[in-house]
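Enquirer: Please see the structure below; I have some questions.
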Amino acid sequence: MNLKKFSFVICTIVAILFGFSTYSVVHPEHFLHKPKTFTAAQVAQMPLDSKGQLPAFDIPYIQGATQFSDDVLYTADKMTVKAIDVIPTNVYELQKWTSPTKRVGKRRGRATSGRIVQKDLVVTSYFHDETSYNRYYILELPDHSHILAKIPPHFVSAAKKGKPLPIGEKTAVPAAAQNALSKYKPQYQFPTDCVYDCFDDTWYEHNDLLIFFIKGVIALIVSAVVFFPLSKIIEKICKKS
C-alpha cells in the first residue's frame, strides 16, 4: 500500500470514529420531545398518557428499593424518583417500539434477498444500534438502596443533578437482561426482576425514524468536517517528507 492510500485509510477510520461517537452522544430528543406536566388527578384520568411526562408536586416518589419491589404494582402505579446517584451499565435492551426482526442479505436494485432474523433482545457491546436499544441504569434512592431504571437519554444529565425523573412505572426485566446485569448485583444489591421505566413509548414510536435521520445527518457532517481538513494536513505532511 502506497503512502497516499495509507493516509486515505487513516483519515477514513478517524472520520468514522468521530462520526460514530457523535451519533452516540447526540440526542435530538432534547429539542424534539416536549413533555407535559401531569398532576395525580390527570394521571388517574389518563394513566396511559402519563408515562414519560413531567411529574407535578403531588406525584408520589419512590423512596427505597423495598418499597419499589414489594409495594408498587407492575404497569399500574405511576410514580417518579429523585435519585442521589445515576450509574450507567453496559447492558441495553431492545426498545418496545422497535421491530424485533431484521433482514440479513444483499440488496440488488429494488430487490432484497436474504432471510429475516430476530434481533438480540439484550446486548452488552458499545457497538450497537443506538436508536434500537435502551440502556439500563442503576439509581441510588434517598435511603441509599438501589433499583434499575430505563431513562430517556435527554433526561440522564438532569437526573444526575438531582432533578425528578419523568413519570414512570414498574416493568419486568427479561431473563437475558437479569443475567447480563448480575455482575452489578454484588455491589449495588438491587431487585433484579423489576425496573423503573419512564420512557414516553408513544412519542418514541412515532418519532424514532426522525431521531435516526437527524443523528445520522449530524454524524455524516462531523465525519466530513474531520475527513477533509485531516486529509489536507496529511497530504501536506507527505509532500514535505
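Enquirer: Among the lysines, select those whose C-alpha is under 25 Å from the C-alpha of residue 4, and discard any that sit fewer than 8 residues away in the same chain.
Expert: Result set, ordered by chain and number: 232, 236, 239, 240.
Enquirer: Give the distance, in whole Å, between the Cα centre of segment 143-209 and the Cα centre of segment 1-62.
Expert: 14 Å
Enquirer: Within segment 29-69, what residues put their amide N at less than 19 Å from the label point 7 Å along the Cα-to-Cβ vector of residue 202?
Expert: 32-56
Enquirer: Would you list the P(r) distribution for the chain, with all Cα-Cα distances sorted into 5 Å bins from 0 and each bin expressed as a whole %?
Expert: Whole-percent P(r) values from 0 Å outward: 1, 6, 11, 14, 16, 14, 11, 8, 6, 5, 4, 2, 1, 0, 0.
Enquirer: Next up: Got a sec? Charge dipole of the chain, +1 on Cβ for Lys and Arg, -1 for Asp and Glu; which of 168, 7, 28 is way out at the positive end?
Expert: 7
Enquirer: For residue 233, put the label point 7 Å out on the Cα→Cβ axis and report which residues of segment 1-40 keep their amide N under 17 Å from it.
Expert: It comes to 7-19, nothing else.
Enquirer: Could you check how much of the accessible area of the chain is carbon and sulfur, as a whole percent, using a 1.4 Å probe?
Expert: Carbon and sulfur atoms account for 61 percent of the accessible area of the chain.
Enquirer: Tell me the per residue accessible area of the chain using a 1.4 Å probe; a whole number in Å² is fine.
Expert: 57 Å²
Enquirer: Please work out the Kirkwood hydrodynamic radius for segment 112-241, using every pair of different C-alpha atoms, and report it in angstroms with one decimal place.
Expert: 18.3 Å
Enquirer: At a threshold of 8 angstrom on Cα-Cα distance, excluding pairs fewer than six apart, so keeping six or more, what relative contact order does the chain reach in percent?
Expert: Details: 385 pairs, mean separation 68.3, N = 241.
After rounding, I find 28 percent.
Enquirer: Throw me the Rg/Rh for segment 29-98, computed over C-alpha atoms with Kirkwood Rh, two decimals.
Expert: Across segment 29-98, the Cα-based Rg/Rh ratio is 0.98.
Enquirer: List the lysines whose Cα lies under 21 Å from the Cα of residue 163, skipping any in the same chain that are fewer than 8 positions away.
Expert: Counting by Cα, and skipping residues close in sequence, residue 163 has these lysines nearby: 34, 36, 51, 78, 82, 150.
Enquirer: As an exercise, use a Förster radius of 22 Å and the Cβ-Cβ distance of residue 17 and residue 217 to find the FRET efficiency, rounded to the nearest 0.05.
Expert: 0.80
The values are calculated or read from the model by the stated rules, or taken from the named source; none is laboratory data. The model shown is predicted, which means the values in this text are computed figures rather than measured ones. Ideal geometry is used to build each Cβ from the backbone, glycine not excepted, and the neighbour counts take in all protein chains shown. Surface accessibility is based on the protein's heavy atoms, side chains included, excluding ligands, DNA and RNA. Shrake-Rupley method; radii C 1.70, N 1.55, O 1.52, S 1.80 Å.
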